Amino acid sequence: MLVMKKICTWIMAGLLACVALPVCAQDYSMSNHNVVPFSLNPASVGAANTLRLGINYRMQWPKLGNNYHTVRVSYDQNVYRQMCSVGAAYSYDQMSPAFGSHQFDVVYAHTFRCAEKHFIRLGVQGSVFLHQYDPTALSYGDQWDPATGGVLPSTVERLEANSKSLFDFSVGASYVFEHKLMVGFAVYHLAEPDNGFVPGSQRLQRKYIGQVNFVQDLKLNHGLKSQGFSDNYFFANAAYQQQGEFKQAYIGVGICYQPVILGVAYKTDVEEVHTASFTVGGYYQGFQLYYVFDLFTSDKLNGSWSNEISLIYTMPTKKKSLCPVVYW
């Protein structure tokens with residue numbers, strides 16, 4: 001039975017490499033977007049109210065042979081006098097040994113004061129994708145040796161390595177009540193570019209995201225301080241995203257009690273997959289380190305668990321905060 005499963009896997013890999021089926025692509029998804037800077041909304045760039053550097057790594061479904069790996073590196077900061085924020089990010093998503101995708105993002109957001117402590121932020125993101133396909137990393141049906149049950153080193157398939165680049169852009173908006181509440185909405189992949197290696201075979205569908213973030217300082221009567229982080233605070237957040245048939249709802253709560261940060265969240269695709277997510281972290285002199293563990297609680301285990309590690313650095317600043325945002 002195990003040999004037959006391997007044969008079917010090889011045959012399907014070969015078919016997918018040779019035949020272009022009309023399908024729709026889907027973005028990678030990190031578990032806890034609150035520690036992945038401006039990943040859900042371009043209007044959230046500059047949300048730390050200082051210069052911020054971040055690196056995020058996700059290992060998904062490690063029990064599977066072709067488990068997914070995703071790395072994201074980001075930079076963002078405020079330009080205080082112009083009431084705006086800028087940022088850039090690079091992501092690499094390895095879907096299998098044969099398929100990988102590089103993504104480069106440049107983000108800009110502007111803040112408009114509506115009234116005292118009430119603001120509107122508008123953001124735009126330009127993205128360049130580079131998809132790479134290496135057929136030599138796949139196994140094919142003619143490599144199976146029926147006499148020994150082993151895998152032969154060569155194949156008659158003559159498929160060449162391929163790559164494809166494309167440009168895309170996204171927009172977002174948010175309402176901010178200074179240092180306490182943020183309600184945002186974003187639309188990604190407005191161009192819906194052709195995403196497949198064969199023209200017309202695949203398109204990157206638009207993704208719609210709604211989110212709410214709330215922070216309450218446990219020492220003071222108002223939200224987070226204008227400069228840096230409050231020592232002790234409570235946070236809650238919720239998000240919903242939909243891209244084609246893919247849906248995901250997220251709700252989480254947590255507490256920061258210097259220097260430890262703890263959080264718990266629930267994620268679901270609204271139908272079959274349900275996940276409990278646990279976050280533990282700490283911060284010291286501008287450095288924040290987080291570990292996120294996903295435990296699948298539904299019948300569809302998909303490898304049963306996933307890991308994320310994030311390292312964030314926020315540069316101390318004495319400038320007055322003119323771009324009110326909520327970090328969490």
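Some points to look at:
- Qualifying residues in the stretch 247-260 (those that are among the hydrophobic types (A, V, I, L, M, F, W, C) and farther than 19 Å from LEU40 by Cβ) - the one surrounded by the fewest Cβ atoms within 10 Å (Cβ to Cβ): VAL260
- Criterion violated by SER163 - all others in (1) modelled with pLDDT under 85; (2) of a type in the set (S, T, N, Q); (3) touching a helix residue (DSSP H, G or I) at 6+ places or on another chain (Cβ under 8 Å); (4) part of a strand (DSSP E or B) satisfied: (3)
- Among the residues of the stretch 198-243, those identified as of a type in the set (Phe, Trp, Tyr) and either at pLDDT 85 or above or assigned to a strand (DSSP E or B) (or both) are TYR208, PHE214, TYR233, PHE234, PHE235, TYR240.
- Test result for VAL124, in contact with a helix residue (DSSP H, G or I) (Cβ under 7 Å, 6 or more places away or on another chain) and either closer than 30 Å to ALA191 by Cβ or at pLDDT 75 or above (or both): yes
The values are calculated or read from the model by the stated rules, or taken from the named source; none is laboratory data. Just so you know, these numbers come straight off a predicted model, no measurement behind them. Cβ atoms come from the backbone with ideal geometry, glycine included; neighbour counts cover every protein chain shown.
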